[in-house]
Amino acid sequence: MTDEALEPTVFERIAAREIPARIVAETERVIAFHDIAPQAPVHVVVTPKSGSYRDVVELAAGDPELLAELVAVANGVAAELADGEFRLVFNTGASAGQTVFHVHAHVLAGGLEEGTLAG
Ligand code: 5GP
């Protein structure tokens, strides 16, 4: 294991309340909070509290129930903060725009423009 892997991720630190965030939903294993740099009228990050999985491919293989829980939380967030319809984006890999290597979904909703990736 590398030193990097021993360091808590930024999202683990948000889940532990070490870094402030505007939290909008939480279950035992999943947390959702407003993205610090929103790309859409509603832009919420939904992530497992544990950083055990780097990306959605690892999560789907390792804990599909947790992935399903993450999708359910995303759906609830979109119902609460928008009209229930949403985009769910998992950037996977640095060249695809992933900057935080702790699996997370972007919930993008609310007046999204046609034809753009992130609203
Ligand atoms: P990625 O680029 O890995 O798909 O997404 C990481 C997201 O996390 C970015 O949209 C970025 O704005 C968001 N982010 C990074 N650090 C923080 C933080 O400390 N607080 C919040 N609320 N969002 C963050």
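The values are calculated or read from the model by the stated rules, or taken from the named source; none is laboratory data. Remember, predicted model here, so these are calculated numbers, not experimental data. Ideal geometry is used to build each Cβ from the backbone, glycine not excepted, and the neighbour counts take in all protein chains shown.
Quick notes on this structure:
- Conditions (1) of a type in the set (S, T, N, Q); (2) without any contact (Cβ under 8 Å) to a residue 24 or more places away in the chain; (3) closer than 13 Å to Ala105 by Cα: number failed by Ser52: (3)
- Flag if Arg17 is at positive phi, out of contact with any Phe, Trp or Tyr (no Cβ under 7 Å at 6 or more places or on another chain) and not acidic (Asp, Glu): yes
- Hey, Ala72 closer than 16 Å to His106 by Cα, surrounded by fewer than 17 Cβ atoms within 10 Å (Cβ to Cβ) and either at pLDDT 95 or above or within 12 Å of the ligand (Cβ to nearest atom) (or both) or not: yes
- Taking the criterion of being crowded, with 17+ Cβ neighbours inside 10 Å, assigned to a loop (DSSP other than H, G, I, E, B) and either more than 14 Å from the ligand (Cβ to nearest atom) or touching a residue at least 24 places away in the same chain (Cβ under 8 Å) (or both), the residues of segment 21-49 that qualify are Asp35, Ala40, Lys49.
- So Ala60, is it within 17 Å of Arg87 (Cβ to Cβ), in contact with a Leu (Cβ under 7 Å, 6 or more places away or on another chain) and away from the ligand (no atom under 11 Å from the Cβ): no
- Test for Glu65: is it modelled with pLDDT under 95, more than 14 Å from the ligand (Cβ to nearest atom) and either assigned to a loop (DSSP other than H, G, I, E, B) or surrounded by fewer than 16 Cβ atoms within 10 Å (Cβ to Cβ) (or both): no
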